[in-house]
Amino acid sequence: MNCRKNNPAISIIGCPNCGLLQEATECAGSELAFCSRCRTPLVHCTGKSLDVALACASATLMLLIPATFEPFLTTSAFGVTHSSILPSSAFALWQEGWPLLGIVFFLFVLLFPPMRFAALAAVLLAIRIGTQPRWLGPVFRLANALQTWAMLDVFFLGMAVAYVRLHVSILVTIDAGAVCFIAAAVLSLITRAALDKRRVWRLIAPDADSGVADASIVCLSCDLLVSKESEQSHCPRCGAIVRARRPDSVSRTIALLMAAVLLYFPANLYPIATIPIDFTPTAYTVFGGIIDLSKSRLIGLALLVFVASFAIPILKMAGLSWCASSSMRRSNKRLIGKTWVYRLIEEIGRWSMIDPFTIACFIPVMDFNSLLYGRAGPAATPFAAVVILTTLAVKSFDPRQMWDRAGNSSG
């Protein structure tokens with residue numbers, strides 16, 4: 001990116017995916033700039049507004065209160081009615097012998113979302129009123145770290161799948177809690193789209209200028225350039241431990257991938273859940289559920305579940321294996337393509353949790369009799385573990401090492 005040296009809005013940043021140090025401008029309109037080596041977007045200004053992000057984050061946080069404690073779903077059959085609230089999914093999973101699924105639901109839907117949006121709203125509000133408390137950097141780092149794991153949007157799609165599946169057999173009513181949750185999920189997406197992280201970091205503490213680009217490393221959490229002597233110490237802006245590269249990146253990634261591959265087979269061979277179809281309890285696998293949706297002429301929903309639950313896990317494991325093997329072999333071929341694949345799987349990996357969330361949604365309201373009930377299956381726990389392990393593998397991998405070990409080629 002070519003920029004004027006005397007422009008105060010220009011700073012030196014390191015590309016998060018290839019490590020190249022280069023100049024970048026601050027958002028002032030609709031600027032869009034890419035890394036000159038790997039084509040990663042470094043500046044993307046369209047639609048960014050900290051005021052919008054603050055308003056939406058605050059509204060999301062407030063909506064999560066009634067979403068958690070108001071009635072969520074109500075089902076009726078044979079004169080019997082069952083209602084749920086959001087926490088009842090975690091309790092039901094735990095009581096039925098699926099503690100890992102209950103913990104996953106509690107963390108990803110009940111705990112991490114309010115933590116993320118409370119932290120984000122606090123930081124943006126402090127910036128908006130012009131204060132600079134010492135906790136701004138660490139709290140904003142926490143909010144960013146929780147972005148992957150706060151899965152309001154993913155659970156919203158899981159709820160939609162559950163509603164369609166249940167509506168075939170019984171009467172299902174979406175209650176006030178679910179309406180508030182849907183609104184919170186939509187606002188969470190708007191918050192993410194409107195949030196300019198680079199600008200927030202620069203308001204917390206300014207970026208380094210071009211005079212410190214030599215002999216410096218980049219903080220992995222806030223992209224601040226610091227001297228190499230600062231490695232293993234705390235970043236002055238966000239408080240994270242400064243490291244030039246993620247330690248043991250390739251070995252950790254491979255270990256997590258191997259565990260995910262081993263669990264992938266039981267996750268797809270065994271039934272993931274049991275639901276009533278024509279008042280007959282029917283156990284279905286991940287792929288079998290896709291076929292059932294297709295037979296019910298719910299082609300769009302079947303395609304959604306196919307992509308989220310079948311295609312994305314395979315893409316994550318195959319793509320990350322390609323990137324890790326490239327780093328091990330010091331290959332300088334198709335580095336831009338590999339970097340693009342890494343960016344893709346980092347973005348889409350969390351959406352594979354739709355199936356476990358679908359199960360969590362219908363379990364509390366599907367216990368009528370011996371012919372009309374819903375249960376998690378033996379594949380549900382390994383499937384959720386595959387999603388978590390592959391997500392951790394993506395976060396453990398450092399794509400900059402592909403470029404380092406290839407001699408900074410750009411093939």
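A few comments on the model shown:
- Note on Glu70: accessible area approximately 80 square angstrom, rounded to 10, probe 1.4 Å, nucleic acids and ligands left out.
- Residue-averaged [θ]222 nm for the chain, counting only DSSP H segments that reach four residues, each worth -39500 (n - 2.57): -16000 deg cm²/dmol
- Neighbourhood net charge (14 Å Cβ-Cβ; Lys/Arg +1, Asp/Glu -1) for Ile388: +2
- Across segment 13-82, Cα-Cα distances exceeding 19 Å account for 62% of all pairs.
- Whole-number D in µm²/s for segment 166-210 (Stokes-Einstein; Kirkwood sum over Cα pairs; 4 °C, 1.567 mPa s): 92
- The chain - Kirkwood radius from inverse mean 1/r over Cα pairs (Å): 22.9
- Computed from the alpha carbon atoms alone, the convex hull of segment 254-411 holds 103 Å³ per residue.
- Annotation: amide H of Leu73 within the under-5 Å range of Ser84, Asp175, sequence separation 5 or more or interchain, hydrogens built in the peptide plane.
- Computed from backbone phi with θ = phi - 60° and the Karplus coefficients 6.51, -1.76 and 1.60, the 3J(HN,Hα) list for segment 35-40 is 4, 6, 10, 10, 6, 6 Hz; x is used for glycine and proline.
- Spatial extent of segment 253-308: Rg and Dmax, with the Cα atoms as the point set, Å: 13.9, 45
- Spatial separation of Cα centroids for segment 24-86 and segment 348-401, in angstrom: 21
- Derived scalar couplings between HN and Hα for segment 294-302 equal 5, 5, 7, 6, 9, 5, x, 5, 4 Hz in order, rounded to whole Hz, by the Karplus curve 6.51 cos²θ - 1.76 cosθ + 1.60 (θ = phi - 60°), x for Gly and Pro.
- Gaussian network model of the chain, Cα within-10 Å springs - most flexible of Leu262, Leu225, Leu73: Leu262
- For the chain, the solvent-accessible area works out to 44 Å² per residue, with a probe of 1.4 Å and every protein chain left in place.
- Cα shape, segment 332-382, gyration tensor, a/c 1.5 rule: prolate
- Note, ³J(HN,Hα) from phi for segment 327-343, Karplus 6.51, -1.76, 1.60, rounded to Hz, x at Gly and Pro: 5, 5, 8, 6, 6, 10, 9, 6, 5, 5, x, 5, 5, 4, 4, 4, 4
- Three-way shape label, segment 68-181, alpha-carbon gyration tensor, a/c 1.5: prolate
- Along the axis of the charge dipole computed for segment 234-360 (Cβ charges of +1 for Lys and Arg, -1 for Asp and Glu, origin at the Cα centre), the listed residues Ala267, Ser251, Ala283 are led at the positive end by Ser251.
- When the solvent-accessible area of the chain is split by element, carbon and sulfur atoms take up 63 percent of it, the probe being 1.4 Å.
The values are calculated or read from the model by the stated rules, or taken from the named source; none is laboratory data. Here the structure is a predicted model, which is why all the values come from computation and not from measurement. Reconstructed Cβ throughout: ideal geometry from the backbone, glycine too, with neighbour counts over all protein chains shown. Note: accessible area is taken over every heavy atom of the protein model, side chains too, but ligands, DNA and RNA are not part of it. Shrake-Rupley method; radii C 1.70, N 1.55, O 1.52, S 1.80 Å.
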